[in-house]
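Q: Handing you this structure, nothing more for now.
The values are calculated or read from the model by the stated rules, or taken from the named source; none is laboratory data. Just so it is clear, the structure is predicted and the values come from calculations on it, not from any experiment. No Cβ is skipped: glycine too gets one built from the backbone with ideal geometry, and neighbour counts run over all protein chains shown. SASA here: full protein model, heavy atoms, side chains in, ligands and nucleic acids out. Shrake-Rupley method; radii C 1.70, N 1.55, O 1.52, S 1.80 Å.
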Amino acid sequence: MQRKTIKALLNSKPIDTTVCVKGWVRTKRNSKQVVFIMLNDGSTIHSLQVVMDANQLTEEVLFQITPGASLVITGTVATSPGGEQAIELHASQIEVLGTAPNYPLQPKRHSLEFLREIAHLRFRTNTFGAVFRIRHATSYAIHHFFHTAGFTYLHTPIITGIDAEGAGNMFGVSTLNPSQVPKYPDGSVDFTTDFFGQKTSLTVSGQLEAEAAALGLGAVYTFGPTFRAENSNTSRHLAEFWMVEPEVAFNDLSDNITLAETFLKYVIQFVLEHCPDDLAFLQKRAAEAQAKQANGLPAVPLLEKLHKVIADEFTCITYTEAIDILKHSKPNQKKKFAYPIQTWGCDLQSEHERYLVEEHFKKPVVITHYPSEIKAFYMRQEGGNTVAAMDVLFPGIGEIIGGSQREERLDKLTAVMQQKGMSTEALQWYLDTRRLGTIPHSGFGLGLERLVLFISGMDNIRDVIAFPRTPGHAEF
């Protein structure tokens, strides 16, 4: 008999129909006459109650049916007399596929820290089942948005010889023998004998390649893994994460801001429509966690927060306006910021971004026209000391999107590269895009995990990626 998913059964409710289900035991309780099993197969956050006459099961099978065990169950769908589920399965046959002795996920609440230690099993919990179904829906919505908008999906290199951000925090890629690394007389490594004949690293961004593609295809986007070797052990940073990077020919900064806002609202709306049960569960979970803390103001319910972002028009301010607001804010005047705002030109920290979003404006904020000194070389120069940059800030997250209008003028781009000590020789192909039919164009980068963090209401970015990579941790 063909297997039915639990989600399909709960949706269709085929009363008096004989079906076959397969899944893992969440809980089991039994009396002398009846055995009750809650079975989950990952298709939905809801489990299916299975009822079976205890006399139909041998002692050996009863002993094997424990939390974590995998079962094949055939039975008849019936209306449930209980109020917690509409249907239940009256089992006629149970087969144990796999037993689970010493199963670490017993039917009780486990801490997220503990679950990270058994990340290979945490998919079986309600919390992480919900999170990863939401991550899937978010990823699908991203592709759907760009596809329907006429973008071309571009696969950019994971191994690269360039540093798109100019920051140098990259993971090296090499086949050289670590104990016999060839070196020049000055002690520097001779990469000419390496696999690619030059120094290479894991990419921090596909942007530069995406720019080249956009100047031929019009509108493109990348969606893939990126890597940054920053020693940041915070709840907002990963060493390996997924980036979405659209690039659009002929778009200016204003177009870029409109695209970012439209894109974010579309994806959030999509998840609201397609993951209502998972979001409702995570909202309840967050409320329970907040109640246990019993300090501070009650958090905004997750669903209310998501609907509010969709309903509100994003506030757009300049960096200069942001600095003025922050400089005169109470946290700054009372020296509560870890990084006090004193002068124009400083880089904004997460605490500053979240103050603007969560306390001052109480909605998403777009900050534009940053000082050129604190931004990347490829951003369009404006008036000598600012660039046509934009960052989108979200409550609870801070920066969720960073982008800009790109510098399309060859002389300006070359000058800033030289000023920042970058090799123009290594990026001749990139400069060619300015020499040959240059145009205004714009783009941005979105960290997928930060968006999933916001949508799911989770607190730590390690809990929205399957197997997190952070400083000192590369397990699984």
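Q: Quick check: at a probe of 1.4 Å, how many percent of the accessible area of region 1-74 sits on carbon and sulfur atoms?
A: Working: 2010 of 3920 Å².
With neighbouring chains kept in place, the figure for region 1-74 is 51 percent.
Q: Which lysines have a Cα lying under 24 Å from the Cα of Lys336, excluding residues fewer than 8 positions away in the same chain?
A: Filter leaves Lys327, Lys362, Lys363.
Q: So, one more: Take the alpha-carbon centre of region 391-470, take the same for region 330-354, and report the distance between them in whole Å.
A: Using only Cα atoms to place each centre, the spacing works out to 23 Å.
Q: Related question: Could you sort the peptides 436-445, 58-67 by per-residue average Cβ neighbour count (10 Å cutoff), highest mean leading? Don't jump to the answer; show the numbers that get you there.
A: Values: 436-445: 18.9, 58-67: 13.6.
By packing density, highest mean first, the sequence is 436-445, 58-67.
Q: In square angstrom, what is the accessible area per residue of the chain with a 1.4 angstrom probe?
A: Numbers: 23200 Å² over 476 residues.
Heavy-atom accessible area per residue stands at 49 Å².
Q: Now, a different point. Hey, which lysines would be in cross-link range of Lys183, C-alpha to C-alpha under 19 Å, not counting anything within fewer than 8 residues on its own chain?
A: Filter leaves Lys199.
Q: A follow-up question, please. Want the number for Asp255 to Ser232: 0.36 nm per residue separation, take away the alpha-carbon distance, what's left? All intermediate terms of the calculation are to be shown ahead of the outcome.
A: Details: separation 23, 0.36 × 23 = 8.28 nm, distance 3.28 nm.
Length difference between fully extended and current span is 5.0 nm.
Q: Hey, another quick one. Rounded to whole Å, give me the distance from the Cα center of region 19-98 to that of region 223-274.
A: Distance between centres, Cα-based: 42 Å.
Q: Right, something else. With only alpha-carbon atoms counted, please give the Rg and Dmax of the chain, in Å.
A: Looking at the chain, its Cα Rg and Dmax stand at 26.7, 85 Å.
Q: I would also like to ask the following. Determine, for each peptide in 23-36, 268-281, the mean count of other beta carbons within 10 angstrom over its residues, then list the peptides with the highest first. Kindly include the intermediate steps, with their values, before the conclusion.
A: Numbers: 23-36: 15.2, 268-281: 17.5.
My ranking of the peptides, most packed first, is 268-281, 23-36.
Q: On a 1.4 Å probe surface of the protein chains, which of His136, His307 comes out largest in accessible area, and what is the full order?
A: Working: His136 125, His307 100 Å².
Final ranking, largest accessible area leading: His136, His307.
Q: Quick check: residue separation of Val181 and Thr27 times 0.36 nm, minus the Cα distance between them. What number comes out in nm?
A: On the way: separation 154, 0.36 × 154 = 55.44 nm, distance 5.63 nm.
Gain on extension, Val181 to Thr27, equals 49.8 nm.
Q: Can you pull the percent of region 88-245's accessible area that's carbon plus sulfur, 1.4 Å probe, other chains left in place? Mind dumping the intermediate values first?
A: Working: 4320 of 8090 Å².
Summing carbon and sulfur atoms, their accessible area is 53 percent of the total for region 88-245.
Q: Same structure again: Full-extension gain between Asp324 and Arg109, please, as 0.36 nm times their residue separation minus the C-alpha to C-alpha distance.
A: On the way: separation 215, 0.36 × 215 = 77.40 nm, distance 4.55 nm.
Separation in residues times 0.36 nm, less the Cα-Cα distance, equals 72.9 nm.
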